[in-house]
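Trainee: One structure, as structure tokens, below. Some questions next.
Each reported figure results from applying straightforward, stated rules to the coordinates on display, with no laboratory input. All of these numbers come straight from a predicted model, not from anything done at the bench. A quick note on method: Cβ atoms are made from the backbone with ideal geometry, for glycine too, and the neighbour counts reach across all protein chains shown.
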Amino acid sequence: MLKMRLLIFVLVSCFGQFLTAADWPSFRGPFGNGFSPEIDIPVEWDSQTNIKWKVALPEPGNSSPIVSAGRIFVTCAENEGRARSLFCFDAKDGSQRWVRTVDFQQVIPTHETNNYCGSTPVTDGKSVVVWHGSAGLYCYGVDGQARWNRNFGEFRHMWGYGASPVLHQGRIILHAGPGKRVFLMALDLETGETIWSTEEPIDGDGERNAANQYMGSWSTPVVVQDGSRTLVVCSMATRVNGYDLNSGEIVWSCDGLRGENGDLAYTSPIIAGNICVAMGGYRGPAIGFQITDEETSKQKKLLWQVEPNPQRIGSGIFVDGYIYLANAGPSVIQCLDPQTGKIVWEERSGGVDHWGSLVTAGGRIYGTDQDGTTHVFLPNPKKFESVAKNQLQEPSNSTPAFSRGHIYIRTFQHLYCIREEN
């Protein structure tokens with residue numbers, strides 16, 4: 001009988017000293033998996049109703065806001081990526097507290113749908129770290145003072161960059177790529193010094209594999225606790241790797257993301273109890289495998305693999321035994337059984353495609369589509385139950401942030417603070 005040990009997200013432990021559960025300190029929240037402990041949060045709004053404030057942003061972008069200590073942090077880029085900025089706004093009224101801009105006088109290729117600020121920052125309540133791709137990794141105090149920066153060279157890919165840094169136990173975990181060189185690394189939050197760096201082999205030139213198909217990964221890592229061992233799990237172009245947090249050693253891998261259209265991964269892995277579910281990009285394979293078992297082999301065996309699939313860019317969410325997905329093409333919301341990979345149900349959302357990831361709070365699931373409409377629905381494995389469709393009427397590729405009864409949404413034009421009027 002397999003030894004079953006419950007895997008849980010443990011990102012919250014690294015924030016506990018500085019942050020409260022009301023903060024949203026990283027991409028997909030305090031646990032890195034889309035879960036919010038918030039209960040009293042808005043359900044319905046539009047561009048005029050329940051808008052506490054909104055502020056204009058200089059350019060479109062795909063990164064998401066984070067919230068900490070009464071501050072909102074969000075990245076923006078201008079002048080074809082020559083100016084890459086981290087903005088800090090006051091959570092009360094949206095007033096700008098500060099902006100720190102990195103001048104980078106080189107135009108690196110990217111896709112027209114992916115501006116030069118695809119990466120969401122991360123904070124521990126004292127420092128905030130932002131990844132600007134080829135322009136480097138920067139750390140500031142939450143009041144804007146520069147602390148350190150690192151440059152790891154050029155990351156050139158025709159579709160740009162998008163993975164976000166993760167913070168755990170005083171360490172920044174960074175998935176650097178895509179491009180000719182790809183690696184996962186850990187750095188000391190206080191000093192910026194490298195703790196470890198693990199290269200990922202590249203079969204091709206970073207943009208296309210040896211078969212001349214597209215390749216690359218934009219997956220943000222997740223941190224999980226496996227018994228006494230902490231792992232960093234990340235989807236690379238062809239496989240999912242589990243890294244030892246302390247050493248960077250690859251403890252295990254699971255192949256299966258290589259698809260008929262190339263070697264691509266956009267989403268974060270989803271930890272569903274004892275099972276890891278990962279999605280290939282560009283209609284590539286979805287796979288499921290057990291993370292903990294009695295086998296000591298470094299190569300994990302697939303429980304299931306399904307291909308083709310809808311295009312998936314935003315990450316799904318695991319709630320009460322099932323995974324919910326909002327796809328980038330077509331505009332379908334799905335419920336998936338992680339034990340088998342089978343789709344339990346799928347329904348048209350009534351909106352357009354999703355690039356943002358799903359989040360859950362107050363017993364509901366929220367997902368913002370590319371028209372800036374946030375779909376609210378119940379996590380029901382029997383059927384799709386829509387609760388609300390909230391239109392801001394501005395494009396968005398971002399993921400909502402939840403904090404202290406407020407929702408923060410980044411569109412191509414504005415940063416919105418949403419709060420139900422009493």
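Trainee: Hey, fewest Cβ within 10 Å first, where do Arg181, Arg312, Arg258 land in order?
Mentor: Lowest count first: Arg181, Arg258, Arg312.
Trainee: Separate question: Could you derive backbone 3J(HN,Hα) for segment 41-47 from the dihedral phi with the Karplus parameters 6.51, -1.76 and 1.60 (θ = phi - 60°), listing whole Hz in sequence and x where the residue is Gly or Pro?
Mentor: With the stated coefficients, segment 41-47 comes to 10, x, 10, 10, 6, 8, 5 Hz.
Trainee: Among Thr411, Ala186, Asn327, which residue has its Cα furthest toward the positive end of the charge dipole of the chain, with +1 on Lys/Arg Cβ and -1 on Asp/Glu Cβ?
Mentor: Result: Ala186.
Trainee: Among Asn33, Ile51, Pro379, which residue has its Cα positioned farthest towards the positive end of the charge dipole of the chain, with +1 placed on the Cβ of Lys and Arg, -1 on the Cβ of Asp and Glu, and the dipole taken about the Cα centre?
Mentor: Result: Asn33.
Trainee: If the elastic network links every pair of Cα atoms under 10 Å, which of Phe402, Phe318, Phe89 fluctuates the most in the Gaussian network model of the chain?
Mentor: Phe89
Trainee: Take each of the peptides 300-308, 126-134, average the number of other beta-carbon atoms within 10 Å over its residues, and list them starting from the highest.
Mentor: Working: 300-308: 15.9, 126-134: 23.9.
Top to bottom by mean Cβ count within 10 Å: 126-134, 300-308.
Trainee: So how do Asp103, Asp371, Asp23 line up by other beta-carbon neighbours within 10 Å, fewest first?
Mentor: Values: Asp103 9, Asp371 16, Asp23 24.
The most exposed by this proxy come first: Asp103, Asp371, Asp23.
Trainee: Given (1) 21.9, 69; (2) 19.7, 59; (3) 33.5, 100, which label gives Rg and Dmax of the Cα atoms in Å as computed from the coordinates?
Mentor: (2)
Trainee: GluC sites (Glu not before Pro) within segment 290-394: which are DSSP loop residues with at most 15 other Cβ atoms inside 10 Å?
Mentor: Values: sites: Glu294, Glu295, Glu346, Glu347, Glu385; in loops: Glu294, Glu295.
Those that pass, being in a loop and sparsely packed, are Glu294, Glu295.
Trainee: If you place +1 on the Cβ of every Lys and Arg and -1 on the Cβ of every Asp and Glu, how big does the dipole about the Cα centre of the chain come out, in debye to the nearest 20?
Mentor: 300 debye
Trainee: Can I ask one more? Pick from Gln48, Gln213, Gln311: which residue has the top mean-square fluctuation in a GNM of the chain where Cα pairs under 10 Å get a spring?
Mentor: Fluctuation is largest for Gln48.
Trainee: Of Asp244, Asp320, Asp226, which has the largest mean-square fluctuation in a 10 Å C-alpha GNM of the chain?
Mentor: Checking each option, the largest mean-square fluctuation is seen for Asp320.
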